[in-house]
1. Starting from the residue with the highest accessible area, list THR77, THR168, THR124 in decreasing order, probe 1.4 Å.
2. Kindly report the accessible area of segment 178-240 per residue (heavy atoms of protein chains, probe 1.4 Å, no ligands, DNA or RNA), in Å².
3. As a test question: what accessible area, to the nearest 10 Å², does ILE225 have when a 1.4 Å probe is rolled over all protein chains in place?
4. Karplus couplings for segment 158-167 from phi (6.51 cos²θ - 1.76 cosθ + 1.60, θ = phi - 60°), rounded to Hz, Gly and Pro as x?
5. For ASP172 and ALA81, FRET efficiency with R0 = 41 Å and r from the beta-carbon atoms, rounded to 0.05?
6. Starting from the residue with the highest accessible area, list GLU230, GLU244 in decreasing order, probe 1.4 Å.
7. Using modelled backbone amide H atoms (1.01 Å from N, in-plane), which distant-in-sequence or interchain residues come within less than 5 Å of SER93's amide H?
8. Quick check for me: using +1 on Lys/Arg Cβ and -1 on Asp/Glu Cβ, what's the dipole size of segment 148-248 about its Cα centre, in debye to the nearest 20?
Amino acid sequence: MRVLVVTAVRAEADSVSAGLSPGGPVTAHRVPGGHTTLLRCAGAGAIRCAETGATVDVLAGGAGPAAAAAAAATALTAAAAGPGAPGYDLVVSAGIGGGFAGVAPLGSIVVADAIVAADLGAQTPDGHLTVEELGFGRSVHRPAALSRRIAEALDAVHAPVLTVSTVTGTADRAAELTARHPRAAAEAMEGFGVAEAAVRHGVPVAEIRAVSNAVGPRDRASWRIGEALEALREAFRLLSPVLEEEAR
């Protein structure tokens, strides 16, 4: 089994890699044809994460849905085109994000049961219209069936994760998103872009988020980025047995 994990920034990629390969070597590569960093957890003589029967590449692809989609698509294309390369079997969008009050507290893990482009569509006097309601495109991707097993293994909230191009910074915006997506547990900026790339390549997708802040008024003093990165590392340590079982 070959897995691609896409994060926004290197700090997230480092946490993912540390969880997958605790104490093991991690090497950095450039994605062919791209300008992003690909981390490979290297085991004895093979590009493998420690104690995992899966090959896992971790890509720091950039912030926002467009950068994430471009980076993921580049990596997916390069993997499929390489000599003797089987391509990827699973793509995971991962990183830190905001959690909705009462659903996903600081430091918790959210695994998406729906990956939603929350601001893709049109604003009207009567409210937001999705691209489905406008008659073109899609705004929701359903993750791989494996996502439920991942959520159980990580003791995570299994609920929709919203993809936004502008992080929520007001109570009004948080209330609007909650009204439109009452089951949403978290918001981030890359999941839908990664999902678009994965689906176009015919590869299942999942999204994992560690909550660093509450969705609502922007208050940087209350953010817990370090704790969220540590929770992300622990989540991927717990994920290793799931990937190993899938690889059998």
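The values are calculated or read from the model by the stated rules, or taken from the named source; none is laboratory data. Everything numeric here is computed off the predicted structure, so don't read it as measured data. Here the Cβ is made from the backbone with ideal geometry for all residues, glycine too, and neighbour counts use every protein chain on show. Surface areas here come from the heavy atoms of the whole protein model, side chains and all, with no ligands, DNA or RNA. Shrake-Rupley method; radii C 1.70, N 1.55, O 1.52, S 1.80 Å.
1. If we order THR77, THR168, THR124 from most to least accessible, we get THR77, THR124, THR168.
2. Normalised by residue count, the accessible surface of segment 178-240 is 42 Å².
3. Counting only protein heavy atoms, ILE225 exposes about 70 Å² to solvent.
4. For segment 158-167, the Karplus curve yields 10, 7, x, 10, 8, 9, 10, 8, 10, 4 Hz.
5. Efficiency computed from Cβ-Cβ geometry: 0.30.
6. Putting GLU230, GLU244 in descending order of accessible area: GLU230, GLU244.
7. It is VAL6, ALA206, GLU207, ILE208, by chain and number.
8. Roughly 160 debye, rounded to the nearest 20.
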